[in-house]
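The values are calculated or read from the model by the stated rules, or taken from the named source; none is laboratory data. Quantities reported herein were computed from a predicted structural model and do not represent experimental measurements. Cβ placement follows ideal geometry from the backbone for every residue including glycine, while neighbour counts extend to all protein chains displayed.
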Amino acid sequence: MDQINSTTKSTHKVEVVPIVLEPHPNADSLSIVHIFGYTIVVKTEQWEGINLGAYIVPDSIVDITRPEFSFLTNPRIKVKKLRGVVSMGLLMPAPPDAQIGDDVAEFYGVTRYETPENLSTGGEVGPTPSGIYYKYDVDTYYRYPNIIQEGEEVWVSEKIHGSNGRYVFQDGEMYIGSRSEWKKGEGNIWAGALKQNTWIEEWCRTHEGFTLYGEVYGWVQDLRYGHGPGKYGFRVFDILHRGRWLDYEGVTGLGLDSSQIVPTLYVGGYNSNLTELADGNSLILGANHIREGIVIKPVVNRQDDTIGRVILKVISNKYLERA
C-alpha cells in the first residue's frame, strides 16, 4: 500500500552532517559547504577545523530568544544570497557526542514552519470517512537528489502556494479535509472551494471512493493567483483509491481537464536540470507572480526504502527569498 508519510520527512529534521569547506568565489572570508543537494555559505573562521555540523533546512522555525540564535532577527530560516551565492538554510555546531545522521531538532528546539490555520482556514473538525486517508507530505529534492533515476519518465508539475485539501464522496456523504484534518461546516476555505468549484463534488459523486488531493488557492496565502477576497480555486495533484495512488495516466485520464489539475511543466525523461523549472512565473491563468516551486514524481508510481513513495519538491529560491 503506497504511503506518503511512511517515513519522517527530512524537512522536519536537523541532521548532523560532515563539514567540508570549499572556497567562496567572491569572498575570502566566506566558504561554501555542500550538504546533500543544498548549498550553504558560512564564515570561514567560524568553521575552520570543525568536522561536524547540524543542518537546519529553510522554512524551519528557531527560538531567537535562545543564546545560540540571538544573532537572528527572524525565527523563520530563509534562503538568501551572500556575495552572489545562494545560501539555503543554517549550519550550527553539532551537539557533543553527536554522530552523522543523528536528528538533533529537539536539542536545538527547531520546528517546521506551518501556515497558521485561522478561523477562515481552520474550521471545525468533522467526521473521518471509513478507510485510510493519508496526510499528504512530500520530501525535498535537495535532501535526496539521486532518488530519481536519470532518464526515468517523470511528471513535473507546478507547486501552488495555498493550502492542501482533499475531497471524497463515500457512503452517501461528501467529505472535505485539510492536509491533516477532516472538516465540517461552511466556515473554512475547503468548504468555500467546494461551493465555488462545483465540478469537485460532481466529479467525486461520479467517482465514489476516489479521493482528490490538491491545493486550495486564491484568497489563502500572499500569492493570490488573481483571486479577490473570499475567492478560491482548487487544482488536483494526486488521486487516492483503495489505499493506492494513481499513476500519471490515472490522474489525467479520469475526466479532469487541464484547468482542474496542477499545471504541467514537463513530462519525459528525468535529468537534474529540471530543478531549474522551480523558478519562473505561475502558469495559472490570472496569476501575475512567481510560482512556489515544482513537484517531481515518476509517471509510474514506485517506492524507495528511504523515503517511501518517490515524490520530491523543489521550492523556488525566489519564493524563499521573498519575505
* Asked: Going by the conditions given, is residue 31 of a type in the set (S, T, N, Q), over 27 Å from the mean Cα position of the chain (by Cα) and not in a loop (DSSP other than H, G, I, E, B)?
  -> yes
* Structure fact -> For region 141-166, the count of residues that are more than 15 Å from residue 236 (Cβ to Cβ) and either basic (Lys, Arg) or surrounded by fewer than 22 Cβ atoms within 10 Å (Cβ to Cβ) (or both) equals 11
* To do: Tell me which residues, restricted to region 252-274, are hydrophobic (A, V, I, L, M, F, W, C) and within 29 Å of residue 36 (Cβ to Cβ).
  => 262, 265, 267, 274
* Restricting attention to region 123-140, and to residues there that are within 25 Å of residue 88 (Cα to Cα) and among the hydroxyl-bearing types (Ser, Thr, Tyr), which single residue is surrounded by the most Cβ atoms within 10 Å (Cβ to Cβ)? -> 140
* Residue pairs meeting the criteria (Cβ under 6 Å; at least 6 apart or on separate chains; first in contact (Cβ under 8 Å) with a residue 12 or more places away in the chain, in region 264-279; second of a type in the set (S, T, N, Q)) -> 264/157; 278/316; 279/316
* Asked: Among the residues of region 61-82 satisfying the criterion of being touching a Ser or Thr at 6+ places or on another chain (Cβ under 8 Å) and outside any loop (DSSP other than H, G, I, E, B), which is nearest to residue 27 (Cα to Cα)?
  -> 81
* Asked: Which of the residues that make up region 83-108 are aliphatic (A, V, I, L, M) and in a loop (DSSP other than H, G, I, E, B)?
  -> 94, 98, 100, 104
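Do you know which residues across region 277-306 are more than 14 Å from the chain's Cα centre (by Cα) and among the β-branched types (Val, Ile, Thr)?
Let us first name the residues in region 277-306 that are more than 14 Å from the chain's Cα centre (by Cα), namely 277, 279-290, 298-306.
Of everything in region 277-306, those that are more than 14 Å from the chain's Cα centre (by Cα) and among the β-branched types (Val, Ile, Thr) turn out to be 284, 290, 299, 300, 306.
Of all the strands (runs of 3 or more DSSP E) wholly in region 217-323, which have at least 1 residues that are more than 28 Å from residue 76 (Cα to Cα), in the same structural domain as residue 139 (by TED's automatic domain parsing) and modelled with pLDDT under 95?
Values: elements: 232-241, 264-269, 293-298, 312-315.
Of the strands (runs of 3 or more DSSP E) lying wholly inside region 217-323, those with at least 1 residues that are more than 28 Å from residue 76 (Cα to Cα), in the same structural domain as residue 139 (by TED's automatic domain parsing) and modelled with pLDDT under 95 span 232-241.
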* To do: Tell me, please, whether a residue that is outside the structural domain of residue 298 (by TED's automatic domain parsing), touching a strand residue (DSSP E or B) at 6+ places or on another chain (Cβ under 7 Å) and of a type in the set (Asp, Glu) can be found in region 8-20.
  => yes
